[in-house]
Amino acid sequence: MWDDVLQFIDPALQPEFIIGTVKAVVIAVGLLSVVPGLVWLERRLMGRFQVRLGPNRVGPLGLGQPFADSIKLLFKESIIQSSADKFLYHLAPAVVVFTAIVTFAVIPFGGSFTVFEQEIGLWGANVNSGILFVFAISGMGIYGMVLAGLASNNKYSLMGGLRSSAQMISYELALGLSALSVIVLTGSLNLIDLVESQKNLPYILVQPLAFLLFFVAGIAETNRAPFDLPEAEQELVAGFHTEYTGMKFAMFFMGEYVNMVTMSALVTLLFLGGWNTYGIPVWPIIAFSGKVFFLLCVFIWLRSTFPRLRYDRLMTFGWKVLLPLCLLNLLITAVIKVL
Amino acid sequence: MIQGAIAGVKNLLIGMGVTFKNMVTKPVTIQYPEVKRTMPERYRGRHFLNRDENGLERCVGCSLCSINCPVGCIHVVSAENTEENRVSPGERYAAVYEINLLRCIYCGYCEEACPVDAVVLREHYELADYDRDKYIATKEDLLVYPEPNQFRVNILGNTERTNK
């Protein structure tokens, strides 16, 4: 089968094609298999934050719980109400998961190494404008939620979809602007260059305000508590995925958790120095995953601590607090850089 | 405004501190089927009938529990004690003593009404079953505890808890 495919490709590019394919498969499979672990981690940690145990019945430490849940979700009946727009209804979860995985393609999680005279980098693709790619594709993820809300033909879903689009557009500004102050310092949009320029000092020490703003906007961007307005249970049932069942419902969850990983990875790359170890004797990739893991725990910590914001407060906070602060920070950074 | 922001951030951090403290404290969960809670001493669970020091039934078949029961779930038929067949220390004894545990509201009035401290409500709360017929507790069910009485601590004077 490989020969049939490879005959269409320039022999000089064949190794790259094979490497690219392997990388794509590894990243996609790896990310999707991280999701059950993350669900388990979240439920266990949330339990501990609430002075209880969390799931511990299925398997050792409850590790079988996510598998039991996935099997349950796989075999659940898929219910579609007759008034739904069938095509968009099926398309929406796929869009969410697809954009979530594709975003991760440009995230580097280590340096490069050489195997069989081929330099292989620990990233899906080394794009010159990597961070722009991340923002662009994660912005596309909103379409999935809006389409889900629209296609469900349910007022709660529609409200959830609209809310998520409004929220994500508002917070994407703050996200981009706070990342921009780091980009101003580095002078490159390439994520690997960004990490390389933090060899001596992570940007969290140089740009603490930008880090804070980016992290807050990142939580809002991934629709996590306390900014999980699109799926506010009290007033919107479950927001844009109210009408979804079974595996399609699970796909929205997968998208959310993959986005969480991506956002943690992005914060690590931009502010925590990526895979730089700063003298601690560990492998770079361990350093990177450790930082991401820590940030994921912080995500869960925040979720179990803070109540959900009111919708108008959320918008006020995004536009009247985060955005001016980002602009101010960017202005000061730029002035210092120029001087 | 800046002061307000600082105060707000401080409050957020206090909140996060509370949850962090929760994380490092021991969970309060009791893993029920394996670990059973020690119930309070005056908990009103399932009924039992006491025996006295000589192993005789305390119940003298007076039916006061039945009369006092707000839902009428106790059925008592009394019979005379004879020299050959002495069941209780008094003149009479309960030949039939049945409690409908489904109808019972576990108010404990039977216990209060009993002049000889025969019927008591103990801390047994696992009363689920598949069959409604099994909820008619007869004398064999109620007299499962052998002599001397091992039921209650310091309430009736003559009882003591074994599984402390």
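The values are calculated or read from the model by the stated rules, or taken from the named source; none is laboratory data. All values derive from a computational prediction rather than experimental measurement. Counting neighbours? That spans all protein chains shown, and the Cβs are built from the backbone with ideal geometry, glycine included. The accessibility values were calculated without ligands, DNA or RNA, using every heavy atom of the protein model including side chains. Shrake-Rupley method; radii C 1.70, N 1.55, O 1.52, S 1.80 Å.
Which lysines, on any chain, are close to residue B:139 with Cα under 19 Å apart, when same-chain ones fewer than 8 places away are left out?
Qualifying lysines at Cα under 19 Å: none.
Averaged over peptide B:28-38, how many Cβ atoms belonging to another chain are found within 10 Å of each residue's Cβ? Could you put the intermediate results ahead of the total?
Numbers: counts 4, 6, 1, 3, 0, 0, 0, 0, 0, 0, 0.
Per-residue shielding by partner chains comes out at 1.
Given the options A:45, A:99, A:161, identify the residue whose Cα lies farthest towards the positive end of the charge dipole of region A:29-175 (+1 on Cβ of Lys, Arg; -1 on Cβ of Asp, Glu).
Sorting the options by dipole projection puts first A:45.
Within 10 Å of each candidate Cβ there may be at most 14 other Cβ atoms; applying that plus a DSSP loop requirement, which chymotrypsin sites (Phe, Trp or Tyr not before Pro) in region A:1-109 survive?
A:8
Say R0 is 35 Å: what FRET efficiency, to the nearest 0.05, do residue B:5 and residue B:126 get from their beta-carbon distance?
Using R0 = 35 Å, I get an efficiency of 0.05.
Suppose a student asked you for the relative contact order of region A:207-339, using Cα pairs under 8 Å spaced at least 6 residues apart; what percent would you report?
So the answer I get is 30 percent.
Of the options B:23, B:85, B:107, report the single residue whose Cα projects farthest towards the positive end of the charge dipole of chain B (beta-carbon charges: Lys, Arg +1; Asp, Glu -1).
After comparing all options, I get B:23.
Report ³J(HN,Hα) in whole Hz for each residue of region A:243-257, in order, from the Karplus equation J = 6.51 cos²θ - 1.76 cosθ + 1.60 where θ = phi - 60°; Gly and Pro get x.
8, 8, 10, x, 5, 5, 5, 5, 5, 4, 5, 4, x, 4, 6
Of chain A, which part is the longest with no GluC sites (Glu not before Pro) in a loop (DSSP not H, G, I, E, B) and with at most 16 other C-beta atoms within 10 angstrom?
Between the exposed loop sites, the longest stretch runs A:118-339.
For residue B:92, enumerate residues with amide H under 5 Å from its amide H, sequence gap 5+ or separate chain, H modeled in the peptide plane.
B:81
Any residues in region A:282-307 that have 30 Å² or more less accessible area with all protein chains than in their chain alone, probe 1.4 Å, and which are they?
A:301, A:305, A:306
Along the Cα-to-C-beta direction of residue A:85, a point sits 7 Å from the Cα; which residues of region A:153-188 have their amide N less than 17 Å from that point?
So the set is A:153-166.
For the A and B pair, go ahead and give the buried accessible area with a 1.4 Å probe, both sides summed, in Å² to 100.
1300 Å²
Which percent of the accessible heavy-atom area of the protein assembly as shown goes to carbon and sulfur, probe 1.4 angstrom?
64 percent
When the Karplus curve 6.51 cos²θ - 1.76 cosθ + 1.60 is applied with θ = phi - 60°, which whole-Hz ³J(HN,Hα) does each residue of region B:131-140 get, with x for Gly and Pro?
Computed from phi, the couplings for region B:131-140 are 10, 5, 4, 6, 8, 7, 7, 9, 4, 5 Hz.
What dipole magnitude, in Debye to the nearest 20, does region A:43-87 give about its Cα centre under +1 on Lys/Arg Cβ and -1 on Asp/Glu Cβ?
Charge dipole of region A:43-87: 300 debye, to the nearest 20.
Could you sort the peptides A:258-270, A:151-163, B:36-48 by per-residue average Cβ neighbour count (10 Å cutoff), highest mean leading? Walk me through the numbers on the way to the answer.
Working: A:258-270: 24.8, A:151-163: 21.5, B:36-48: 14.6.
Peptide ranking by packing, descending: A:258-270, A:151-163, B:36-48.
Straight distance only, please: which aspartates and glutamates reach the Cα of residue B:36 with their own Cα at less than 12 Å, same-chain residues fewer than 8 apart left out?
The qualifying aspartates and glutamates are B:123, B:126.
Excluding residues on the same chain fewer than 8 positions from residue A:76, give the aspartates and glutamates whose Cα lies under 19 Å from its Cα.
Within the straight-line limit of under 19 Å, residue A:76 reaches these aspartates and glutamates: A:243.
Taking only protein heavy atoms into account and a 1.4 Å probe, give the accessible area per residue of chain B in Å².
Working: 10500 Å² over 164 residues.
Averaged over the residues of chain B, the accessible area is 64 Å².
In the structure displayed, which of A:291/B:26; A:23/A:72; A:72/B:134 lie more than 32 Å apart, Cα to Cα?
Checking Cα-Cα distances, A:72/B:134 exceed 32 Å.
Could you identify which residue out of B:80, B:34, B:126 has the top mean-square fluctuation in a GNM of chain B using Cα springs shorter than 10 Å?
B:34
Please state the charge dipole magnitude for chain A, taken about the Cα centre, from unit charges on C-beta atoms (+1 on K and R, -1 on D and E), reported in debye and rounded to the nearest 20.
Charge dipole, chain A, about its Cα centre: 1300 debye, nearest 20.
So what is the calculated 222 nm ellipticity per residue for chain A, using -39500 (n - 2.57) for each DSSP H run with n of 4 or more, over all residues, to the nearest 500 deg cm²/dmol?
Taking each H run of at least 4 residues, the total per residue is -21500 deg cm²/dmol.
Quick one: what are the phi-derived ³J(HN,Hα) couplings along region B:24-39, Karplus 6.51/-1.76/1.60 with θ = phi - 60°, whole Hz, x for glycine and proline?
With the stated coefficients, region B:24-39 comes to 8, 7, 6, x, 8, 4, 9, 7, 3, x, 7, 10, 10, 5, 7, 7 Hz.
Using the heavy atoms of the protein chains alone and a 1.4 angstrom probe, what is the accessible area of region A:68-114 per residue in square angstrom?
Numbers: 2520 Å² over 47 residues.
Per residue, region A:68-114 has 54 Å² of solvent-accessible surface.
Let me check against my output: what whole-number percent is the relative contact order of chain A, with C-alpha pairs under 8 Å and at least 6 apart?
Values: 485 pairs, mean separation 73.7, N = 339.
Relative contact order, chain A: 22 percent.
Report, in debye and to the nearest 20, how large the dipole of region A:213-339 comes out about its Cα centre when Lys and Arg carry +1 and Asp and Glu carry -1 on their Cβ.
Here region A:213-339 has a charge dipole of around 400 debye.
Place +1 on the Cβ of every Lys and Arg and -1 on the Cβ of every Asp and Glu in region A:235-339, take the dipole about the Cα centre, and give the residue among A:339, A:250, A:297 whose Cα lies farthest towards its positive end.
Of the listed residues, the answer is A:339.
List the relative contact order of region B:1-134 as a percent without decimals, with contacts defined as Cα pairs under 8 Å and 6+ residues apart.
28 percent
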